[in-house]
Amino acid sequence: MATDSSNSPKKFIAPVIGLIVAATAGFYGFNAYRYNQQYETTDNAQIETNSAPVLARVAGYVQSVDVSDYANVQRGQPLLVIDPQEYDLALQQAEADYQQTLADLQTARADLQNAQANARNVAQNLKVVQSNAGVQALRRDKAKQDLQRDQNLYNDQSLTRKQLEDSRNNAEVQASQYGASEEQIGLARTGQGVAQAAIARAQANIQKVEAVLKLKQTAIDNAKLRLSYARLTAPITGKIGRKSVVVGQYVQPGQNLMTIVADSTFWVVANFKETQLEKMKVGQEVDIKIDAYPNLNVKGRIGSLSEATGARFALLPADNASGNFVKITQRVPVKIEILNPGQYRDQLRAGLSTDVAVRVAN
């Protein structure tokens, strides 16, 4: 008996499969549409962290390296030593110069004390000379008076000529002695000026030596600082990311010897198209997928949005006024804070690629 081909099940297979495919495509399409309405996504994102270069600050041969590649270090931990002998000798020389200048300062202060003592002696001598001059002035005046009286007596023939000559001689002697006292006063005053000038010179010399002493102290501080630069320590806590120094290597100031990557603070910088920014704002939740760990679910939130597109930070930014303008969709960096970064400390690495999805609607 012939089979009715119109009732064969085969003719329903193709429509059913087509229906299933259409339903499946519609289901996934609808879910994708709903997802795209709620999330803004990008795969142009990387994990970032802080890093600190360890730079040589003095020149010399590397004496020892105290850390290995990719080792964990704490802030202040010794990293390497540059041969400090040259800088230690410089410090010793600076300290010797300081001690010599300090001795010069003590000598200058002693000179000032001597000058001050001499000035006191000169001042005392001036007082004595002035006192003697006062006495001589009295004797001179008395001798003048005696001469005048004897002259009157001689005129009255009450005094002999010899007595008058003796009075005249005495008056001349007293006047001469008074003149000598006046000269002594002048000399004493000149000596007083000389003594004051000596004090001024001594004080100026002390100021000069004190200024030199400050320079010597500065030289000591500088030598100590340069000596400390010969022993490099970790500027931050983290992990050695790159080490390019070995024992015996000659290094120059400013040379990068190694880089320390902070392993306690990580974030993601995602570059979104400018057309995706309309609904984005700080604080929105973010799902982060790390390419290296596809099964790791990392949560985050938007921390900040850049005030400029990435093109603005290019070495040679495009000049749209040049006449060669082609409109290109720009990308804006968005900083995403990782929630509970300590939970993923063993997985997070700076530079790893990620996919991020920002929830922009509930």
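The values are calculated or read from the model by the stated rules, or taken from the named source; none is laboratory data. Treat the numbers as computed from the prediction; the structure is a model and nothing was measured. Every residue, glycine as well, gets a Cβ built from its backbone with ideal geometry; the counts of neighbours run over all protein chains shown. Accessible surface is based on the protein model in full, side chains and every heavy atom, while ligands, DNA and RNA are left aside. Shrake-Rupley method; radii C 1.70, N 1.55, O 1.52, S 1.80 Å.
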Across segment 64-81, the tally of residues that are open to solvent by less than 60 Å² (accessible area, probe 1.4 Å) and part of a strand (DSSP E or B) stands at 6
When the residues of segment 166-197 are narrowed to those that are within 58 Å of the chain's Cα centre (by Cα) and open to solvent by 30 Å² or more (accessible area, probe 1.4 Å), which ends up farthest from residue 138 (Cα to Cα)? 197
Got a sec? Which of 227, 232 is part of a helix (DSSP H, G or I), modelled with pLDDT of 95 or more and under 29 Å from the mean Cα position of the chain (by Cα)? 227
Find the residue count for segment 245-282, including only residues that are in a loop (DSSP other than H, G, I, E, B) and open to solvent by 60 Å² or more (accessible area, probe 1.4 Å). 8
Would you check if residue 118 is open to solvent by 60 Å² or more (accessible area, probe 1.4 Å), in contact with a helix residue (DSSP H, G or I) (Cβ under 6 Å, 6 or more places away or on another chain) and either assigned to a helix (DSSP H, G or I) or basic (Lys, Arg) (or both)? yes
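Among the residues in segment 258-271, are any of a type in the set (Asp, Glu) and either in contact (Cβ under 8 Å) with a residue 12 or more places away in the chain or within 30 Å of residue 359 (Cβ to Cβ) (or both)?
Yes, segment 258-271 contains at least one residue that is of a type in the set (Asp, Glu) and either in contact (Cβ under 8 Å) with a residue 12 or more places away in the chain or within 30 Å of residue 359 (Cβ to Cβ) (or both).
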Among (1) modelled with pLDDT of 90 or more; (2) within 26 Å of residue 84 (Cβ to Cβ); (3) open to solvent by 40 Å² or more (accessible area, probe 1.4 Å), where does residue 201 come up short? (2)
Of the residues in segment 350-362, those that are crowded, with 17+ Cβ neighbours inside 10 Å and either of a type in the set (Ser, Thr, Tyr) or out of contact with any Asp or Glu (no Cβ under 9 Å at 6 or more places or on another chain) (or both) number 1
Hey, among 51, 68, which residue is among the hydroxyl-bearing types (Ser, Thr, Tyr), more than 30 Å from residue 333 (Cβ to Cβ), within 36 Å of the chain's Cα centre (by Cα) and modelled with pLDDT under 95? 68
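Could you go through segment 82-90 and let me know if any residue there is under 14 Å from residue 233 (Cα atoms) and either among the charged types (D, E, K, R) or surrounded by 15 or more Cβ atoms within 10 Å (Cβ to Cβ) (or both). Steps first, please.
First, pick out the residues of segment 82-90 that are under 14 Å from residue 233 (Cα atoms): 82.
Next, only the ones that are either among the charged types (D, E, K, R) or surrounded by 15 or more Cβ atoms within 10 Å (Cβ to Cβ) (or both) stay: 82.
The answer is yes; a qualifying residue exists.
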Within the set of pairs 6 or more residues apart or between chains, which connect a residue that is of a type outside the set (Phe, Trp, Tyr) inside segment 278-294 to a residue that is open to solvent by 90 Å² or more (accessible area, probe 1.4 Å) and modelled with pLDDT under 90 with Cβ atoms less than 6 Å apart? none
